[in-house]
Amino acid sequence: MQQLSALDASFAYMETSSTPMHIGQMLIYDPSTAPGGHVGFKDILHYLEGRLDGARIFRQKLARVPLDLDHPYWVDDANFDLEYHVRHIGLPQPGDWRQLCILASRIYARPLDMKRPLWEFTVIEGLNNVEGVPEGSFALLHKFHHAAVDGKSGLEMTLALHDMDAEMKPRKFDDIYHPEADPAPLSLLAKAQVNNVVNPVRGLRNLQNLLPVPKRILDLNKQIKQDEGAKGRAPRTRFNKKISPHRVFDGYEISIADVKKVRTNFPGATVNDVMIAVYSGSLRAYLKAKGDLPAKTLKIGAPVSVRSDDAKSDAGNQVTMMTVGAGTHLATAAERLEFVMAETQRSKAMTEAVGARTLMELSGAMPAGLTAASTKLMVRMGLIETMNPAVNTVVTNVPGPMVPMYFTGAKLVKSFGMGILAEGQGIFHIVTSYNGNVILTFLADREIMPDPEFYRECIEQSFADLMKAKPTAETKAKSKPSPKKKAVKKKTVKKPKKRVAASAATAGRARKKAVKK
């Protein structure tokens, strides 16, 4: 039995019918590489059964403390039923990309059952008219609750379900499933009394790590000047209001080679900088078309993993958030990318000054009952909607494998990330990568964005603009090496020869001549 952290528990507290707190993927496979060139639903169930030991979360559920007086616990589910968690559906004909996006959005919008293990897979067949997908392919739609996984641990779970070839060799994992009885409510209440005393004390200890932080931040502010347009809170837009239960989803693929071309044109730019700049351009174009573009730049939340290598297989979230100005107030792609580059450098420096892990650990300092009550109150009363948002949207970057992967012997041909919407944030952006491509996807509220095809076009155009962009004169001047000063040759001054010895010799000869005379 393992207790959730304050951050993990907050995702359970924020769960509502309009804001289901799960993340996921839509993966598309070509079954022609599988034995016999076909994969049936029973083949998938059999395959998954042999991979469940790859992550404990597959067979664990939440045990809630009465009245949420303490954070929940993970316990093994004695009544685990694999067939409940894996569903099967066919895409209506003609089975094109737009229909697949609509069906995936509807399935993804449904909340998970919080009394069972918090994941769900849906097998979708009938993709024969999806462009760029081999005939006979099928999709697998993943849903994992954010209380159980973050982007990085979700990737570990995905890798546990895949092989490096189509042979499907049996896998051995360290974890062994031992179902246990649910803990008694009275024992959970007793633990809650202890934790509500211990957690604030632990938080005060962590607070000591923050004592030097104000001075470090002041020093950084002197060194790194932030653009006036990026100061203060984020402006309100059509995306930052109360959201509905309905969703839209779409994605766009870019080759790694094209991303490298942009980085070559703008030395010092990271892949993450380029992707944020792409989304900056698409947000600007979409909001401008709707007459809703603020004069001030939008702000983007960029999750940063603080997960160590030792904890890479642990469940739950180990992340903090950077805040980056998107540059949506700037007209050209070059200006936006250069603005983002400066903003990410500043935000990284600030995060390092504060200490990302310390901030994450401080979230557990508040008594659990108070955390649960305040979180649920803010969500249910719509208090978030009345405040200016800290960020307008989130862009999360989770790099994936750059080699082909196989599931039930079927080759993975396309991979699309699917994010999470919270109150006040009606659009979420995901960057993933697979086998030579970077994949940009977005999840949005259907009431806020009824035209996802248009927003996808905005993303395409934004990247096309970046491909043609050249650095501004100011950036070129900064990147030019300073001219080398010509070395001044020193004139060598010849020192006069010492003539002392010679004078003495001359005087000696003169004395000898005088004696002879």
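Looking at the stretch 41-81, which of its residues are loosely packed, with under 15 Cβ neighbours inside 10 Å, within 27 Å of Leu4 (Cβ to Cβ) and of a type outside the set (Gly, Ala, Ser)?
Selection gives Glu49, Pro66, Leu67, Asn79, Asp81.
Taking the stated definitions as given, is Lys261 under 21 Å from Ser433 (Cα atoms), modelled with pLDDT of 95 or more and of a type in the set (Lys, Arg)?
Considered against the rule, which asks whether it is under 21 Å from Ser433 (Cα atoms), modelled with pLDDT of 95 or more and of a type in the set (Lys, Arg), Lys261 comes out as yes.
Within the stretch 371-391, is there a residue that is assigned to a loop (DSSP other than H, G, I, E, B), in contact with a strand residue (DSSP E or B) (Cβ under 6 Å, 6 or more places away or on another chain), modelled with pLDDT of 95 or more and surrounded by 16 or more Cβ atoms within 10 Å (Cβ to Cβ)?
no
Please work out which one of (1) under 30 Å from Glu423 (Cα atoms); (2) modelled with pLDDT of 95 or more; (3) surrounded by fewer than 20 Cβ atoms within 10 Å (Cβ to Cβ) is the condition Ser17 fails and give its number.
(2)
Out of the residues in the stretch 404-454 that are of a type in the set (Phe, Trp, Tyr) and more than 22 Å from the chain's Cα centre (by Cα), which is most open to solvent (accessible area, probe 1.4 Å)?
Phe454
Glu120 - would you say it is more than 17 Å from Thr441 (Cα to Cα) and open to solvent by 30 Å² or more (accessible area, probe 1.4 Å)?
Criteria not met by Glu120.
The values are calculated or read from the model by the stated rules, or taken from the named source; none is laboratory data. Quick caveat: nothing in here was measured; it's all calculated off a predicted structure. With ideal geometry, Cβ positions are generated from the backbone for all residues, glycine too; neighbour counts draw on all protein chains shown. Accessible surface is based on the protein model in full, side chains and every heavy atom, while ligands, DNA and RNA are left aside. Shrake-Rupley method; radii C 1.70, N 1.55, O 1.52, S 1.80 Å.
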